[in-house]
Amino acid sequence: VQLQASGGGLVQAGGSLRLSCAVARDAFTLKTMAWYRQAPGKQRELAASITRDRTTFYADSVKGRFTISRDNAGNTLYLQMNSLIPEDTAVYYCNGQSWFNRDYWGQGTQVTVSS
């Protein structure tokens with residue numbers, strides 16, 4: 001499994017961005033996909049996750065502003081981020097977890113929110 005994240009960038013507070021994560025192959029082996037983020041000087045944290053049956057989870061800090069989704073084939077993961085705030089500035093990583101609980105990571109994409 002290979003994951004390729006894209007869609008980061010610089011945006012003003014209150015703006016929106018959409019992240020994408022393409023799964024190169026064997027997407028069917030992933031039971032859960034997620035977006036993590038790591039701000040400067042902080043630990044990586046889970047922002048949102050989605051299972052194959054589309055059950056979602058959101059961290060309290062992004063609930064109501066971010067939406068995670070997968071396409072029908074499960075080959076692409078999305079994160080729609082609205083009402084962005086400077087505290088959302090971080091490197092965002094897509095993650096896939098297999099049925100054997102093995103983790104796969106994308107390369108990360110930078111999101112910067114200016115005040």
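The values are calculated or read from the model by the stated rules, or taken from the named source; none is laboratory data. Nothing here was measured: the structure is a model prediction, and the numbers come from that model. We place every Cβ from the backbone using ideal geometry, glycine too, and count neighbours over all the protein chains shown. Surface accessibility is based on the protein's heavy atoms, side chains included, excluding ligands, DNA and RNA. Shrake-Rupley method; radii C 1.70, N 1.55, O 1.52, S 1.80 Å.
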Solvent-accessible area of D60 with every protein chain in place, 1.4 Å probe, in Å² to the nearest 10: 130
Per residue, in Å², the accessible surface of the range 1-67 once ligands and nucleic acids are set aside, probe 1.4 Å: 56
Local electrostatic count at T51 - Lys and Arg +1, Asp and Glu -1, tallied over other residues with Cβ under 10 Å: +3
Calculated P(r) tail over 14 Å for the range 45-101, as whole % of Cα pairs: 57
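For the chain, what % of the accessible area comes from carbon and sulfur atoms, probe 1.4 Å?
After summing per-atom areas, the C and S share lands at 48 percent.
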Global form of the range 26-72, assessed from the alpha-carbon gyration tensor, a/c cut-off 1.5: oblate
Radius, Kirkwood style, for the chain when every pair of distinct Cα atoms is counted (Å): 13.9
